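Laboratory data are not the source of any read-out in this text; all were calculated from the coordinates shown. The structure displayed is predicted, hence computed values, not measured ones. Every residue, glycine among them, receives a Cβ derived from its backbone with ideal geometry; neighbour counts consider all protein chains shown.
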Amino acid sequence: MKRSYVQINGRLYERGHEPVSEGPMVIDDISPYRSQATGEMITSRSKHREHLRQHDCVEIGDQVHHLQVRRPDFESPQRKELIRAQIDAMSHAEFKRALQRDIERVKWNSRGLPRAKD
């Protein structure tokens, strides 16, 4: 079994054998981060919890950047109508650029995957 160590005040201790603090444990506030759901800055734990509730997100694991957004129903009529309206509002050049970005994204995400057999 591989041993791992932790350094505390310049001294190495084998993980699991480090000294226990005598005082109370205080957890720092979280570092500000940019929300993956909306792009806004989240600056405190209370704002983080509120943001998760507002946007129907779930925190996965112990990292704040692992957020799972509950996606809307992809087949809903409202979603289809919104997409139609967004496409109708685009110019021909904007539509071609968006289509090319999607094609590149599919190429990038499918690299290394085996090809489907005919």
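A few notes on this one:
- Sorted by Cβ density within 10 Å, fewest first, the residues MET25, MET41, MET90: MET25, MET41, MET90
- Backbone HN-Hα couplings from phi across segment 14-21 [Karplus 6.51/-1.76/1.60, Hz, Gly and Pro as x]: 5, 4, x, 10, 6, x, 8, 5
- Summarising the amide proton neighbourhood of ILE30: residues at separation of 5 or more, or on other chains, whose placed amide H is nearer than 5 Å comprise ARG45.
- Centre separation in Å (Cα based) which lies between segment 31-57 and segment 1-21: 34 Å
- Contour excess over end-to-end distance, with Cα ends at VAL6 and LEU99 and 0.36 nm allotted per residue: 28.5 nm
- FRET efficiency for LYS107 and SER21, using Cβ-Cβ distance with R0 set to 35 Å, rounded to 0.05: 0.10
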